[in-house]
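Since the structure comes first, as structure tokens, the remarks are kept for the end.
The values are calculated or read from the model by the stated rules, or taken from the named source; none is laboratory data. Quick caveat, the model's predicted, so the values are computed rather than measured. All Cβ positions, even for glycine, are placed from backbone atoms using ideal geometry, and neighbour counts span all protein chains on display. Accessible surface areas use protein heavy atoms only, side chains included; no ligands, DNA or RNA. Shrake-Rupley method; radii C 1.70, N 1.55, O 1.52, S 1.80 Å.
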Amino acid sequence: MPTDIVMPQMGESIFEGTITKWLKKPGDKVQRDEPLFEISTDKVDAEIPAPASGILQDIKVVEGNTVQVNTVVGTIAGDGEAPAAPPAPSKASAPQSPPTPPAKTQSAPPPAVSAELQATAEREPAEEDDHARSSPLVRKIAREHNVNLSQVPGTGMGGRITKQDIMAFLEKPETAVAPADTTGVSAPAASSSGPSPRTVTALPAAIPGEMVPMTQMRKIIAQRMIESRRTSAHVHAMFEVDITRIVQLRNKTKSAFEQRHGARLTFMPFFVRAVIIALQQFPIVNASIEGENIRYHRHVNVGIAVALDWGLIVPVLKNADELNFLGLQRGISVLGERARSKKLKPDEVEGSTFTVTNPGQFGAVFGLPIINQPNSAILGVGGITKSPLVVTDHDGNDSIAIRSVVHLTLGYDHRLIDGAVADQFMAFVKKTLENWSEEVG
């Protein structure tokens, strides 16, 4: 019997997903756990693996469509089965149909596929390479502006052409006049004006004055943010923290740390470790509201917000309270890389009890983050700067010194967490960071 391909649930609060790209065509062979299609939700963009090996028999949900979780989006026929896919008619139709067009449409989907997919498949065989390197939206924009996608440099994974790439290409004055003549200059122009692999753009590039549709991920993020503001009574508390000791420790040990463990030593595990210690002292900050009840969570599952070119995602470091410093650093690094490469698993984006976000990586002094539901609190880490501070020695003498300072902001749900508790929690985090004594490994 054919194996159903279903839309997976990518989080406990996620009920639908959008198919952004099929990586295989009907009739193609697939291996179990091989990436089969890409989906987008409000929490994750991910490649979904094939549930079985065989032949992709049909595609029931075309690219760009949003469906409920557990919806059957396609089927895979076993190797021993005769799939109702193009390979079967390809041999039979050759002698019956001399003209070449029918032969070229062997990659078209079977009758079970919708008319929209049929039309798409009929006009794309000649653009197979572009199909593999771009999304339907990118190809639509290219057709509307008469652009040959082979001339557009792609900055996505594997050279994939993103919407930002095509928009940046269209913004070049030469493009509108003679697209074919810009091959020699478009690549460096895109690399200098477009986002680098480590740069995040808050909004897609667009032609001035043009209205462009929001991505599915952006629409759902907007919806979830409004829902969070309406659900939680947001209050924010900001603390200035002197982390000179940590900065000096990191500068002293980062080279040896990387050589010993094969991982970069960043500042994030210091903040996460301090938060974990404070949450154990103030468990109400790690709790959540369920109806008229309070759920005290057994473990600390820290969500780490990761900024991506196409949105924001919050992978979760499970049972972070059981990890040592090295475990935190490795876990944070692995989740961040998996998020950027769309390799996160469904259980890696659900179950957080507290969230940490880092607007300071782009230079912000501090931020006022929105709570990641169903959490009751979120910590925003500002940029680390050098500032003159009054310091007091052991004898009580004051002096002014240049210190490394960070501003931490706690966004919390005032329905559950009182201001006094929030301030005590942040004071504990501040004390832990300023008097850091834990070994970093």
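Numbers for the structure displayed
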| read-out | value |
| --- | --- |
| Peptide ranges 25-32, 210-217, 389-396 listed from the most packed, as the mean C-beta count within 10 angstrom indicates | 25-32, 210-217, 389-396 |
| Probe 1.4 Å, protein heavy atoms only - accessible area per residue of region 2-75 in square angstrom | 37 Å² |
| Highest-first arrangement of 293-306, 426-439, 400-413, where packing means the average Cβ count within 10 Å | 400-413, 293-306, 426-439 |
| Region 198-302, accessible surface, carbon-and-sulfur percent (1.4 angstrom probe) | 51 percent |
| Net charge contributed by nearby residues that have their C-beta within less than 10 Å of residue 405 (K/R +1, D/E -1) | 0 |
| Proximal charge balance of residue 383 [Cβ under 15 Å; K/R count +1, D/E count -1] | 0 |
| Alpha-carbon radius of gyration plus Dmax, which is the widest Cα pair, for region 342-441 in Å | 16.9, 55 |
| Burial order of peptide ranges 264-274, 64-74 (average beta-carbon count within 10 Å, highest first) | 264-274, 64-74 |
| Unsatisfied cross-links (Cα-Cα over 19 Å) in the set 318/345; 60/345; 60/219; 21/343; 29/60; 21/342 | 60/345; 60/219 |
| Rg over Rh [alpha-carbon atoms, Kirkwood Rh] for region 274-419 | 1.03 |
